[in-house]
Amino acid sequence: MAKQDYYSTLGVAKDADLDTLKKAYRKLAMEFHPDRNHGDAAAEQKFKEINEAYDVLKDEQKRAAYDRFGHAAFDGAGGVGGNGAGGPGGFDFNASGFADIFDEMFGEFMGGRRGNQSRARGGDLRYNMEITLEEAFEGKQATIRVPGTEQCGACSGTGGEKGAQPTTCPTCRGHGKVRATQGFFTIERTCQSCSGTGKVIEKPCPTCHGQGRVAKDKTLQVTIPPGVEDGTRIRLAGEGEAGLRSAPSGDLYIFLSVKPHRLFQRDGANVHCRVPISMSKAALGGGIEIPSIDGSRAKVQIPAGTQTGQQFRLKGKGMSVLRSTQRGDMYAEIVVETPVNLTKKQKDLLEQFEAEGKKGSSHSPEADSFFARVKEFFGKEEG
């Protein structure tokens, strides 16, 4: 049976560039991969065909020979590949064509792409910091002390005695990974001999025992910008643990939490303040002073007849906005306080006030309206 044209197998035009070939191959390889088509002989055969086509067309010399002579370019023992396991007529999981696409499709699950040697990057660190609402508003410079590791001075981070450089791992030949083929499947694992670094230490440094790093606390200056919120994360690149044998250091992440405030409640960039006032102040009105988050005093004019729950907005008196010169607003919520611990004279005056209200216009229209509806409600029930 005549072989299908390689370009048709991949579904691309004859002038397709390498990137187009790669995308087409990846899509088809994912679709017909044996792991997704267990026991499907047709899918297995299709998978072999697309691998064969890609193996030829991705190589400039093989592609040029194929464009000129077609499949005949690879026929016979003297051809480019013959029918051996590594040529177009055969199938080999270790062939470069499949290996490349295997790394792309499954590299994340197998620990990374082939050739990208793990350099044992240092671990990231987390530091929890609690700040006040005022500090969140103003920002601050903080000094913190964190436990961590730094490069070993005795070996300059190489991990070898007297600074001796590591040598290539003989097991993985410097790749940091080894592959084992079992029948139709290939499994890639981190090299146990070098822990994935691709290098081994013949004579470890006695100070760091071949790690290239030693434990040491360090003191850092941290800038907290104005406007940060609870849960904000600040990243300090390279301030985490030192990497293994001169590998890059990890990062330090500072997680901020803002303490509850005894006067203010934050809502994004806005601030709310619960302001209790006396019954007489609410009835007669007048000016009051309340604090602002910036430490200043804000004046609020209370109109006569103010009720509990009424809010007054003070524009631009709220929190700082992160990475901006703007500020949110402040809302003063009024709570009218009922007087307690009254003297006999005060009680008499309130009784007189109540009696006067019954003779003339109502001083409590909302209460009067409510109880009028209550009376109407009970009147209907009785009827």
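Could you pull the accessible area for Asp59 with a 1.4 Å probe, rounded to 10 Å²?
60 Å²
Over segment 19-76, what is the relative contact order in percent, taking alpha-carbon pairs closer than 8 angstrom and at least six residues apart?
28 percent
Just to confirm the filter: which trypsin sites (Lys or Arg not before Pro) across segment 342-379 are DSSP coil and have at most 12 other Cβ within 10 angstrom of their Cβ?
Details: sites: Lys344, Lys345, Lys347, Lys358, Lys359, Arg373, Lys375; in loops: none.
Passing sites in segment 342-379 do not exist.
Test of the criteria: in segment 225-299, which trypsin sites (Lys or Arg not before Pro) are in a DSSP loop and have at most 11 other Cβ atoms within 10 angstrom of their Cβ?
Listed in order of number, the matching sites are Arg262.
Using amide H atoms built in the peptide plane, which far-off residues or other-chain residues are under 5 Å from Gly148 H to H?
Distant-sequence amide H within range of Gly148: Lys216, Asp217, Lys218.
How long is the gain from Glu229 to Thr168 if the chain were fully straight, where each residue apart is worth 0.36 nm and the alpha carbon distance is subtracted?
Working: separation 61, 0.36 × 61 = 21.96 nm, distance 4.86 nm.
Gain on stretching Glu229 to Thr168: 17.1 nm.
What length, rounded to one decimal in nm, is gained on full extension from Glu161 through to Ser296, with 0.36 nm per residue of separation minus their alpha-carbon distance? Don't skip to the end; give the middle numbers.
On the way: separation 135, 0.36 × 135 = 48.60 nm, distance 6.28 nm.
Gain on stretching Glu161 to Ser296: 42.3 nm.
Take Phe32, Phe69 and sort them by solvent-accessible surface of the protein heavy atoms, 1.4 Å probe, largest at the top.
Phe69, Phe32
Just read off the accessible area of Thr181 with the full protein assembly in place, 1.4 Å probe, to the nearest 10 Å².
Rounded to the nearest 10, the figure is 70 Å².
Computed FRET efficiency, Cβ-Cβ of Glu134 and Asp40, R0 56 Å: what is it to the nearest 0.05? Write out the running numbers ahead of the final one.
Details: r = 67 Å, r/R0 = 1.20.
Once the sixth-power term is evaluated, E becomes 0.25.
With every protein chain in place, what's the accessible area of Asp368 (1.4 Å probe, Å², nearest 10)?
Asp368 exposes around 80 Å² with every protein chain in place.
Distance between Cα centroids, segment 316-383 to segment 199-267: provide it in whole Å.
Segment 316-383 and segment 199-267 have Cα centres separated by 54 Å.
How far apart, in nm, are two points set 7 Å out from the Cα along the Cα-to-Cβ line at Ala237 and at Thr343?
That separation, rounded to one decimal, is 7.2 nm.
The values are calculated or read from the model by the stated rules, or taken from the named source; none is laboratory data. What you see is a predicted model; the values in this text were computed from it and never measured. Methodologically, a virtual Cβ is constructed for each residue, glycine included, from the backbone with ideal geometry; neighbour enumeration extends over all protein chains shown. All accessible areas refer to the heavy atoms of the entire protein, side chains included, with ligands and DNA or RNA removed. Shrake-Rupley method; radii C 1.70, N 1.55, O 1.52, S 1.80 Å.
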